[in-house]
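The values are calculated or read from the model by the stated rules, or taken from the named source; none is laboratory data. None of these values were measured; they are calculated from a predicted model. Cβ: placed from backbone, ideal geometry, glycine included. Neighbour counts: every protein chain shown.
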Amino acid sequence: MEWVSAFIGVLHPQVFFYLIVGVVSGALIGTLPGLTATMGVAVLTPISFWLEPACGFAMLIGVYNAAIWSGGISAILINTPGTPASMASTFDGYSLSQKGMARLALNINTVFSALGGVFSSFCLIFFAFPLADFALRFGPAEYAVVAFFGLTMMAAVSGDKPVKGLLVGFVGLLISTIGLDAIHAFKRYTFDYPMLLDGISFVPVMIGLFGIGEILFQVYTNRKDEKAEIVSIEKSNKSFLNFKELKQVFPFNIFASIISVIIGVIPGAGGDIASIISWGQCKRMSKHKSEYGKGSIEGLSVSCTSNNAVIGGAMTTMLSLGIPGDAVTAILIGSLMMYGMTPGPQMFVENKPFVMTLIAQLIIANIVICIFGLLTSKIYPKILRIKKETLWVSVTMCCFLGSFAINNSYMDIIAMAIAGILGFILKKMDFPAGPLVLGLLLGRLLEANLRRTLAITMGSYSPFFTNPICIVLLSVSIISLIVPAIVKHIKAMHNQNKQ
């Protein structure tokens, strides 16, 4: 009955309306190259604070899922992924478009993205609750180690730049110390300015990094003579796969969904990694290897399924342990905190109905995406012709209004502007911004639980080295810090041998 109530709650006219608003907004954001799902959720988060939690999160969930799906539209039509998760969709999607089968490719992207999202949402139902029950046994020491483990993901979310990622992450940690300390409420780095007593608000920093910083970088790198050639979708009468083709691709998509959910659970591993791994593994197993990369319906369906199948895995980690699985879930953690809810095992006890509603929103959002995408496949070439300048002005206005609206504070606008400039500098110097978000989010959690542990044990660090859970998590944390450096070294040695 609880699940029935959750689904009925999502179908409430007001909640369902904001879910549709999120899907439509996400479709626009994801279709346009450069406007990522992270940026879309970051910009719309302040608007969600004016709404009831169910309505606000319905909009954010709609944006998240729809932006990942619609990133495949530009990948198919102009060979440019709208979001990083759609990178592998360019391998076969654009080739199908060039063969006059763009409508077929767009519908494959829509249907299989939705199927991947629904599959991962059901995995979230089956695995998030048992994981949360296990995590309820955690004390301050375990939470401190979980926060430390989350911080070690700074290297993982940095791609092939782990050192740069760690440096940026430490900047986030430093920013997290501003304000009153968590135990004794001493002032730190406030310069006697009352607005800083509560620390630097997470949302304005996030909007600046991913919104204003991205806009500044796009303005800086804009080339007026660059025009993408959009493939017409009117060349082919075929709109979807027949039964024989569905039977051919079905096993590969089940396999890709399972792989992607597992990858999504790993903090820092996103849809781009999942789709590339799934595409490569399915190519090895396929009887039609030679077609992959040349317009394979298997290859396109697998990459599209993987994009959205990652979301359920990332949400499992975020909801159950309070660790962001990717940049978007890091923003969603901040949004939950603004609503007075802390992601983690306790949330499944104190806010269980809301957790169930959120999962129901994920499932219904993907159904809405499937219907909406199939009905609107003809309009996407027109969306891709929207002038960049119009988008830049619109997004910038949303960023300023959204940042001020959170607390009606000019301090938040200043924080957003500084973060925007910092985001541009980081992007220009090829430094990842994600680790800064992790440092800002998890820094206070680590400090508070570490100090609570030391207070309980009279200054002894023994719980961290005698508790089995702490030992396992610390070991995994150390491995996650070392592995990126080893992989980078192996790649460098391999490239030298080739030369």
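Tally the residues that are surrounded by 13 or more Cβ atoms within 10 Å (Cβ to Cβ) and modelled with pLDDT of 75 or more, restricting the search to region 372-393. Residues that pass the stated criteria total 6.
Among the conditions (1) under 21 Å from Ser25 (Cα atoms); (2) at pLDDT 80 or above; (3) surrounded by 15 or more Cβ atoms within 10 Å (Cβ to Cβ), Ser403 misses just one, which is (2).
Only one of the numbered conditions (1) at pLDDT below 80; (2) of a type in the set (Gly, Ala, Ser); (3) assigned to a helix (DSSP H, G or I) is violated by Gly72, and that is (1).
Here the condition is being surrounded by fewer than 22 Cβ atoms within 10 Å (Cβ to Cβ), within 18 Å of the chain's Cα centre (by Cα) and modelled with pLDDT under 80; of Ile331, Ile323, Ile276, Ile263, it holds for Ile276 alone.
Are any of the residues in region 119-140 farther than 22 Å from Gly344 by Cα and out of contact with any Asp or Glu (no Cβ under 9 Å at 6 or more places or on another chain)? Yes: one or more hits. Among residues of region 256-267 that are of a type in the set (Phe, Trp, Tyr), none has a Cβ under 7 angstrom from a residue that is modelled with pLDDT under 80 and not in a helix (DSSP H, G or I) at a sequence gap of 6+ or on a separate chain. The criterion of at least 2 residues that are touching a residue at least 40 places away in the same chain (Cβ under 8 Å) and more than 19 Å from Phe49 (Cα to Cα) is met, among helices (runs of 4 or more DSSP H) falling completely within region 303-386, by 347-350, 352-375, 380-383. Looking at region 52-61 only, could you name the residues that are over 11 Å from Ala37 (Cβ atoms) and in a helix (DSSP H, G or I)? Within region 52-61, Pro53, Ala54, Cys55, Gly56, Phe57, Ala58, Met59, Ile61 meet the criteria.
Asp92 falls short on exactly one of the conditions (1) buried (at least 24 other Cβ atoms within 10 Å of the Cβ); (2) free of Cβ contacts under 8 Å to residues at least 40 places away in the same chain, and that condition is (2).
Among the residues of region 117-145, those that are surrounded by fewer than 19 Cβ atoms within 10 Å (Cβ to Cβ) and not in a helix (DSSP H, G or I) comprise Leu136, Arg137, Gly139. Tell me whether region 480-499 contains one or more residues that are crowded, with 17+ Cβ neighbours inside 10 Å, touching a Phe, Trp or Tyr at 6+ places or on another chain (Cβ under 8 Å) and modelled with pLDDT of 80 or more. The answer is no; no qualifying residue exists.
With respect to the conditions (1) under 21 Å from Glu142 (Cα atoms); (2) at pLDDT 80 or above, Thr342 lacks only one, and its number is (2). Checking each residue in region 276-299 for being assigned to a helix (DSSP H, G or I) and touching a Phe, Trp or Tyr at 6+ places or on another chain (Cβ under 8 Å) picks out Ser278, Trp279, Gln281, Cys282, Lys283, Met285, Glu298, Gly299.
State yes or no: is Gly62 in contact (Cβ under 8 Å) with a residue 12 or more places away in the chain, closer than 16 Å to Phe210 by Cα, buried (at least 24 other Cβ atoms within 10 Å of the Cβ) and within 13 Å of the chain's Cα centre (by Cα)? In short, no. Which count do you get for residues in region 1-44 that are in a loop (DSSP other than H, G, I, E, B) and crowded, with 18+ Cβ neighbours inside 10 Å? Result for region 1-44: 5.
The rows are residues; the columns are (1) modelled with pLDDT of 70 or more; (2) at positive phi; (3) among the hydroxyl-bearing types (Ser, Thr, Tyr); (4) outside any helix (DSSP H, G or I).
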{"residue": "Ala147", "(1), (2), (3), (4)": "yes, no, no, no"}
{"residue": "Ile183", "(1), (2), (3), (4)": "yes, no, no, yes"}
{"residue": "Asp192", "(1), (2), (3), (4)": "yes, yes, no, yes"}
{"residue": "Met206", "(1), (2), (3), (4)": "yes, no, no, no"}
{"residue": "Gly211", "(1), (2), (3), (4)": "yes, no, no, no"}
{"residue": "Glu226", "(1), (2), (3), (4)": "no, no, no, yes"}
{"residue": "Ile230", "(1), (2), (3), (4)": "no, no, no, yes"}
{"residue": "Ile233", "(1), (2), (3), (4)": "no, no, no, yes"}
